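Heads up, the thing below is written out as structure tokens.
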Amino acid sequence: MNSSAGIAPTGETVVIEKPVLGAIIDRLWRDGYTVVGPTLAESAIVIDQVRAIDDLPIGWTDEQEAGMYRLRRREDRAYFGYAVGPHSWKQYLFPPKTTLYSIEFHADAMTVKPNVDPVPSYAFLGVRSCDLHAIEIQDRVFLHGPYVDRHYQARREKALIIAVHCAVAASTCFCASMGTGPRSVRGFDLALTELEGEFLVEIATPRGAAICDGIPSRAATGYELGAAARIVDKTRDSMKRSLNTNGLPDLLYQNLEHPRWDQVAERCLSCTNCTMVCPTCFCHALEDVPALDGASSEKIRQWDSCFNPDHAHMAGGNNRPDIRSRYRQWLTHKLASWVDQYGVSGCVGCGRCVTWCPVGIDITEEAAAIRGDQQ
Amino acid sequence: MNVPRPRLGVFKFASCDGCQLSILDCEDEILAVADRVEIAYFLEATRRPLEGGFDVSLVEGSISSPEQIDQIKDVRERSKFIVAIGACANGGGIQGLRNFISIEESIAAVYANPSYVKTLEKSRPIADFITVDLELQGCPINKYQLLNVIAQMLVGAKPRVPDHAVCLDCKRRNIVCVVVSQGKACMGPVTSTGCEALCPAHDRGCFACYGPSHQPNTAALASRFESIGVPSDQIRRFFHAFYSTSQEFVAEGLRHV
Ligand code: SF4
Ligand code: SF4
Ligand code: SF4
Ligand code: SF4
Ligand code: SF4
């Protein structure tokens with residue numbers, strides 16, 4: 001892939017003045033979208049509703065390391081001058097808690113009522129390349145297998161995606177080595193590159209074009225296209241972490257009894273944070289919640305994790321009875337058996353599991369340790 | 001459905017009544033079960049005398065004095081199913097702090113006239129004296145967890161009380177981790193769920209009032225606390241505050257003096 005090539009694979013590329021993004025946000029709300037994107041919470045940049053341009057964390061950035069995240073002020077007023085935070089779009093497409101259906105009990109029968117609550121039309125603002133790949137992966141999980149998940153499908157089909165090419169990478173990012181970034185190549189309706197006073201806007205779909213219709217813009221110059229490409233190239237070059245995926249599935253399968261698993265198990269809390277923040281993890285638990293009056297019951301789906309001991313509990317006992325087996329399940333699923341299942345790695349290199357592990361366990365370091373001892 | 005209403009009893013031992021208040025706090029929801037459950041004994045709420053047997057007994061408090069041993073045995077004999085509720089009943093509770101010092105020392109520190117005090121050496125959980133059928137953790141218990149257990153029992157299901165780490169619920173609520181984003185100490189990774197991550201939701205670390213989660217890796221968390229500068233005696237207190245009967249917590253605390 002030639003990273004400095006022209007910007008839009010299809011469609012037009014235009015330039016808008018930065019504040020005009022506010023007009024796009026207004027238009028989205030008027031058109032019935034719920035706009036969600038990066039916004040400042042007390043101690044992190046999270047994903048929440050963005051009603052106006054001032055809701056974006058303008059002039060803020062983040063400092064990230066394994067087990068550490070801190071908000072910092074930038075010297076400029078960049079709109080998107082930070083990397084991914086603790087939340088991902090998974091919260092909106094595959095929410096942490098969903099009622100799948102309810103059952104009403106009658107004297108001699110029962111009726112099952114599927115949950116048909118209206119689903120919002122989301123406009124995702126500021127989606128990074130790693131997360132576009134993560135959404136594509138969850139599409140494979142929830143939409144492209146033998147069973148289609150209606151709840152995911154309803155949200156996914158309506159969602160409009162505005163990507164942003166990364167202008168900064170966190171120290172925990174390693175998308176370049178996973179082939180998943182930092183340049184967004186597909187899976188968006190619009191993609192933005194933040195220049196000094198303007199945004200370069202790639203219009204990739206008719207839906208994206210409809211949103212830009214009537215918005216003041218001009219055609220991009222060759223110079224601007226080049227400058228935009230260089231921003232992303234610089235981000236790629238600045239990336240500190242990497243993961244060597246060469247022959248990785250086999251390497252892991254051949255090392256299921258490697259002593260490294262014992263060492264990491266001593267440090268791992270089995271707290272589930274890595275799987276919760278991971279934008280591709282899809283595990284969930286189902287639960288029946290009867291009403292107190294005994295007249296009905298709800299089937300609830302909640303995020304679950306292979307680090308929850310209960311997750312591997314089945315008739316006959318727990319097949320992952322210790323932290324060692326749970327950590328090994330996570331790493332080998334992400335980097336090996338995921339490839340068997342879905343044809344791609346389960347890791348898009350977003351670095352969230354590294355940053356948000358309370359004890360700073362680093363998936364790239366663990367995989368490298370197993371490779372290092374092997375060679 | 002014309003089934004006899006199960007008889008429910010609520011009993012109190014050494015405790016602050018906080019868990020019973022959680023039950024009283026269920027008043028709106030309790031109305032929904034009023035015709036399905038008979039509240040046959042609950043001194044905090046009614047004045048009905050102690051009579052007969054109970055289908056389900058909720059037991060609050062730890063066993064802290066000699067006569068309580070006989071009382072809890074009597075409750076066991078009267079009850080088909082016992083749910084021990086709260087940190088006191090299941091982990092010794094705050095008053096279990098005295099388990100770490102001599103009984104003379106703690107009596108002298110608390111009472112002006114110690115000669116009237118009749119007490120056991122240690123504050124001990126209900127399960128040390130009788131068989132407990134189900135434990136609900138917390139200081140105090142979470143009323144929704146209690147109501148869910150009651151609802152499950154009423155439909156004849158085996159009540160499910162998860163004991164995974166608080167972190168899982170913290171993330172289900174999209175809360176930003178206070179350890180990672182602020183360097184605060186949080187016991188969530190080794191503490192049992194039940195509260196729905198109440199403290200992190202209010203931007204503070206968990207202090208483990210629901211006791212240990214399943215297989216807590218206390219050593220790994222304690223060493224993380226050390227690296228973010230939590231003083232040793234504070235680490236000890238984190239592990240000793242509520243569940244002085246948890247071997248994992250007690251042993252970890254004793255490593256930090
Ligand atoms: S495994 Fe870690 S780095 Fe990879 S996609 Fe998941 S959270 Fe991101
Ligand atoms: S890594 Fe664990 S939580 Fe994530 S999808 Fe695989 S089994 Fe599920
Ligand atoms: S690797 Fe880190 S985040 Fe994941 S379960 Fe272990 S301690 Fe928690
Ligand atoms: S704030 Fe506490 S409970 Fe929440 S994820 Fe962090 S360590 Fe776990
Ligand atoms: S977060 Fe911890 S201390 Fe706070 S209520 Fe829950 S278990 Fe108790």
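FYI, it's all coordinate maths here, none of it is from the lab. This structure is a prediction, so every number in the text was calculated from the model and none was measured. Backbone-built Cβ (ideal geometry, glycine too); neighbour counts: all protein chains shown.
Counting only DSSP beta bridges with both residues in the range B:7-154, what percent are antiparallel, rounded to the nearest 5? Intermediate values should be presented prior to the final figure.
Details: 2 of 20 bridges.
Close to 10 percent.
In chain B, the DSSP-assigned H stretches of four residues or longer account for a calculated mean residue ellipticity at 222 nm of -10000 deg cm²/dmol, using -39500 (n - 2.57) per stretch and the full residue count as denominator. For B:K122, go through the aspartates and glutamates and keep the ones whose alpha-carbon is under 12 Å away, minus same-chain ones fewer than eight residues off. Answer for B:K122, where 12 Å is the Cα cut-off: B:E104, listed by chain and number. When each of the peptides B:240-253, A:352-365 is scored by how many other beta carbons lie within 10 Å of its residues on average, the order from highest to lowest is A:352-365, B:240-253. Averaged over peptide B:214-223, the number of partner chain Cβ atoms lying within 10 Å of each residue's Cβ comes to 5. With 5 Å bins beginning at zero, the pair-distance distribution over Cα atoms of the range B:7-154 amounts to 2, 9, 19, 22, 19, 13, 8, 5, 2, 1 %.
Each of A:H133, A:H144 was scored by other Cβ atoms within 10 Å of its Cβ. Arranged with the fewest first, they read A:H144, A:H133.
Shielding by partners for peptide B:147-154, expressed as the average number of C-beta atoms from other protein chains within 10 Å of each residue's C-beta, is 3.
DSSP bridge analysis restricted to the protein assembly as shown gives an antiparallel fraction near 65%, rounded to the nearest 5.
Past 26 Å, Cα to Cα, is the threshold; run A:K97/B:K80; A:K158/B:K143; A:K18/A:K90; A:K18/A:K234; A:K234/B:K171 against it and keep the listed order.
On the way: A:K97/B:K80 35 Å; A:K158/B:K143 38 Å; A:K18/A:K90 28 Å; A:K18/A:K234 21 Å; A:K234/B:K171 33 Å.
Violating the 26 Å Cα-Cα cut-off are A:K97/B:K80; A:K158/B:K143; A:K18/A:K90; A:K234/B:K171.
Sparsely packed loop sites in the range A:105-191 (the chymotrypsin sites (Phe, Trp or Tyr not before Pro) outside DSSP H, G, I, E and B with at most 16 other Cβ atoms within 10 Å) comprise A:Y147. Annotation: for a label point projected 7 angstrom from Cα along Cα→Cβ of A:R30, residues of the range A:200-230 with backbone N closer than 13 Å are A:211-216.
Judged by the ratio a/c of the largest to the smallest principal axis of the C-alpha gyration tensor, the range B:168-257 counts as oblate, that ratio being 1.5 or greater while a/b is no larger than b/c. Between B:D74 and A:S238, the simple label model (points 7 Å from Cα in the Cβ direction) yields a spacing of 7.3 nm. The calculated FRET efficiency for A:M110 paired with A:Q49, based on their beta-carbon distance and R0 = 35 Å, is about 0.40.
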